[in-house]
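The values are calculated or read from the model by the stated rules, or taken from the named source; none is laboratory data. Quantities reported herein were computed from a predicted structural model and do not represent experimental measurements. Neighbour counts run over all protein chains shown; Cβ positions are idealised from the backbone, glycine included.
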């Protein structure tokens with residue numbers, strides 16, 4: 001288990017978390033840049049956000065995740081108005097009939113690693129060290145909470161114009177389907193709250209320590225630059241899968257997701273080899289010809305070979321030299337139920353999951 | 001004003017209302033057949049539904065419309081499960097914080113002239129003699145309640161599988177837009193509740209007597225068959241616009257609505273003339289060449305020339321001989337605000353509204 005490495009998130013710690021969150025985003029989850037700026041502004045206005053361990057809460061305390069839902073590409077250009085969160089929290093408190101005691105990340109990767117800090121600062125609430133993924137995934141039901149039988153609903157959305165909606169669905173896959181189509185109609189990305197739960201439910205299902213992990217990775221990147229790739233692989237039992245130059249990128253937005261393929265031409269030790277990475281918001285599979293190098297639910301992350309900075313699927317472009325880093329997913333995703341929910345077959349690849 | 005002509009709706013009265021509702025549907029609103037069967041079943045299980053005048057309620061009584069939202073064509077094949085209404089009513093009562101005292105029709109035309117009787121029978125509540133249109137219209141904001149500044153939200157949807165959603169939007173046009181896309185994703189037609197209001201609000205905005213009107217029209221059709229067309233025109237200041245045979249029908253489902261054109265070749269007194277009717281769920285405009293015979297918000301209704309029965313836009317077909325009946329809309333739609341909300345220009349026709 002990951003040791004808690006932060007108590008208070010100030011501007012510096014938030015920078016680390018955003019940088020580490022971009023690594024855990026596995027190419028998806030959106031670039032945390034805009035969310036980081038918004039969260040910093042809130043922290044400057046109020047005070048640093050307190051990070052707590054879930055065990056510090058009483059079993060019947062009410063815990064609320066906050067996240068942006070939609071296409072990451074849209075999030076870069078269409079910002080939240082800043083008024084969404086208090087309304088979302090009020091909607092959820094009315095439905096559940098309890099006051100929120102702590103904010104939580106639904107995913108530790110990408111934009112949603114920092115969005116909850118806006119909520120925590122605005123609402124003067126602590127944030128829990130953990131999330132539902134230990135990374136980013138493209139679909140709402142792909143969280144450890146689903147594996148624990150916790151419902152995604154009541155689910156609340158609030159767009160930047162002030163339109164709100166709530167859902168109460170028969171299962172988390174229907175939530176995903178209905179929320180996705182509504183988020184698209186609301187402009188492509190919306191502030192949301194889902195999986196409201198008791199601290200007791202959270203204790204039994206949380207991927208613990210993921211904010212600390214993001215923080216530690218971000219700090220490592222800040223201190224080691226381009227060398228951080230190798231260091232991360234060693235520290236977290238990962239693999240430096242490939243080094244190459246981007247030869248081609250295909251991208252399309254379909255059904256609210258960004259789909260595509262990144263083709264890489266080897267450089268350095270990987271000269272004369274070719275690797276392709278397919279993504280649906282997040283990278284799902286890395287292949288060399290027919291040989292599979294890594295697949296979801298393990299993390300496949302791109303890092304700029306010069307700066308060491310993570311490169312998201314919406315920002316990767318022709319000519320960029322990159323390192324491909326494979327990191328092991330949280331053990332919960334390696335259970336049969338975890339593989340069924342987020343493994344390669346779910347995404348239509350006729351491949352068995354083989355842990356890296 | 002239309003005199004209240006019914007106190008209790010039994011199976012016979014429901015038949016009349018469904019038949020009259022199909023006339024007021026102006027080609028849209030869905031064929032009331034399935035809804036009538038469901039309502040009859042409920043009435044048989046419980047007892048006839050009491051029809052009340054809105055003035056019988058106290059100002060702060062809570063009044064709730066119930067309706068199907070979606071494409072009429074879908075409603076003919078995808079029935080409600082029967083469990084939606086109690087859940088919808090409970091959702092609305094929780095949000096509003098009051099018990100419902102009476103059920104209301106949002107539109108007196110088509111399927112939604114009878115759907116609320118299912119609710120009234122299931123919930124053992126009276127139904128109000130009136131609606132928000134005095135006819136059927138294709139969009140949710142096209143009700144007298146919008147003209148009175150009453151919000152469509154909270155708006156609740158419940159599909160036949162048990163997926164529920166609620167909306168709280170910034171205006172009624174956003175409600176229309178968001179509800180439409182969700183109703184499509186939920187299968188094309190869903191049971192809904194919207195425009196929850198106090199009896200006081202209802203008294204100032206209701207199109208009164210429209211259930212009585214539907215009932216009287218239905219009775220007239222039952223007693224006079226094919227001659228009812230002429231009699232309705234005389235009784236309700238309408239016009240027998242045309243008699244012809246269907247020469248062509250174009251239909252497409254787009255954005256949750258059924259759009260199309262019906263072309264008619266004159267017969268009888270109308271020989272050697274040609275008329276086209278354009279529709280978006282409901283008939284919007286009747287033209288002879290470039291000459292406009294009638295437009296929304298007035299009612300344009302097709303009646304089978306042999307049986308006298310109304311023919312909806314999803315059932316009209318090649319070769320059918322029909323009468324085209326024009327009926328004046330409720331005076332509220334002839335105000336500048338009414339014309340702006342539902343007149344020909346709203347639907348993209350470069351035509352001034354000229355009352356029939």
Given (1) in a strand (DSSP E or B); (2) under 28 Å from residue A:16 (Cα atoms); (3) within 14 Å of chain B (Cβ to nearest Cβ), identify the lone condition not met by residue A:103. (3)
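Results for (1) more than 18 Å from residue B:38 (Cβ to Cβ); (2) not in a helix (DSSP H, G or I), shown as yes or no for each residue.
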| site | (1), (2) |
| --- | --- |
| B:55 | yes, no |
| B:58 | yes, yes |
| B:63 | yes, yes |
| B:77 | no, yes |
| B:82 | no, yes |
| B:86 | no, no |
| B:90 | yes, no |
| B:93 | yes, no |
| B:98 | yes, yes |
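So that you can scan it fast, the table gives a plain yes or no per residue for (1) closer than 21 Å to residue B:138 by Cβ; (2) crowded, with 17+ Cβ neighbours inside 10 Å:
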| position | (1), (2) |
| --- | --- |
| B:270 | no, yes |
| B:279 | yes, yes |
| B:287 | yes, yes |
| B:313 | yes, yes |
| B:329 | yes, yes |
| B:334 | yes, no |
| B:342 | yes, yes |
Consider residue B:144 carefully, then state whether it is more than 14 Å from every other protein chain (Cβ to nearest Cβ) and touching a helix residue (DSSP H, G or I) at 6+ places or on another chain (Cβ under 9 Å). yes
With A:49, A:89 as the choices, which residue is within 28 Å of residue A:222 (Cβ to Cβ), buried (at least 17 other Cβ atoms within 10 Å of the Cβ) and over 15 Å from the mean Cα position of the chain (by Cα)? A:49
Single unsatisfied condition, residue A:140 versus (1) farther than 14 Å from residue A:194 by Cβ; (2) part of a loop (DSSP other than H, G, I, E, B): (1)
Kindly indicate whether any position in segment A:134-146 is over 20 Å from the mean Cα position of the chain (by Cα) and surrounded by fewer than 24 Cβ atoms within 10 Å (Cβ to Cβ). no
Return the residues of segment B:168-177 that are in contact with a helix residue (DSSP H, G or I) (Cβ under 6 Å, 6 or more places away or on another chain) and at pLDDT 90 or above; say none if nothing qualifies. B:169
Are any of the residues in segment A:185-195 part of a helix (DSSP H, G or I) and either within 14 Å of chain B (Cβ to nearest Cβ) or more than 18 Å from the chain's Cα centre (by Cα) (or both)? yes
Residue A:230, sole failed condition from (1) in contact with a helix residue (DSSP H, G or I) (Cβ under 9 Å, 6 or more places away or on another chain); (2) touching a residue at least 60 places away in the same chain (Cβ under 8 Å); (3) more than 20 Å from residue A:5 (Cβ to Cβ): (2)
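When residues of segment B:8-29 are filtered for being in contact with a helix residue (DSSP H, G or I) (Cβ under 8 Å, 6 or more places away or on another chain) and farther than 23 Å from residue B:239 by Cα, how many remain? Give the derivation first.
Within segment B:8-29, the first condition is being in contact with a helix residue (DSSP H, G or I) (Cβ under 8 Å, 6 or more places away or on another chain), and the residues that meet it are B:9-11, B:13-25, B:28-29.
Next cut, farther than 23 Å from residue B:239 by Cα only: B:9-11, B:13-15.
Number satisfying all stated conditions: 6.
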Segment B:245-268, residues that are out of contact with any strand residue (DSSP E or B) (no Cβ under 7 Å at 6 or more places or on another chain), in contact (Cβ under 8 Å) with a residue 12 or more places away in the chain and surrounded by fewer than 14 Cβ atoms within 10 Å (Cβ to Cβ): B:255
Residue in segment B:150-184 that is nearest to residue B:58 (Cα to Cα), counting only those that are within 9 Å of chain A (Cβ to nearest Cβ) and assigned to a helix (DSSP H, G or I): B:175
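Can you tell me which of A:115, A:95, A:128 is within 14 Å of chain B (Cβ to nearest Cβ) and in contact (Cβ under 8 Å) with a residue 40 or more places away in the chain? Spell out the reasoning first.
Values: A:115 fails: within 14 Å of chain B (Cβ to nearest Cβ); A:128 fails: within 14 Å of chain B (Cβ to nearest Cβ).
Of the residues listed, the single one that is within 14 Å of chain B (Cβ to nearest Cβ) and in contact (Cβ under 8 Å) with a residue 40 or more places away in the chain is A:95.
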Residue B:2 - would you say it is in contact with a helix residue (DSSP H, G or I) (Cβ under 7 Å, 6 or more places away or on another chain), at pLDDT 90 or above and not assigned by TED's automatic domain parsing to the domain that holds residue B:300? no
Criterion: in a strand (DSSP E or B), within 23 Å of residue A:19 (Cα to Cα) and in the same structural domain as residue A:241 (by TED's automatic domain parsing) - qualifying residue of A:293, A:303, A:315: A:303
When you scan segment A:9-31, do you find a residue that is surrounded by fewer than 20 Cβ atoms within 10 Å (Cβ to Cβ), at pLDDT 90 or above and part of a strand (DSSP E or B), even just one? no
Of the conditions (1) away from chain A (no Cβ under 14 Å); (2) over 28 Å from residue B:275 (Cα atoms); (3) out of contact with any strand residue (DSSP E or B) (no Cβ under 9 Å at 6 or more places or on another chain); (4) in contact (Cβ under 8 Å) with a residue 60 or more places away in the chain, residue B:224 satisfies every one except a single condition; which number is it? (2)
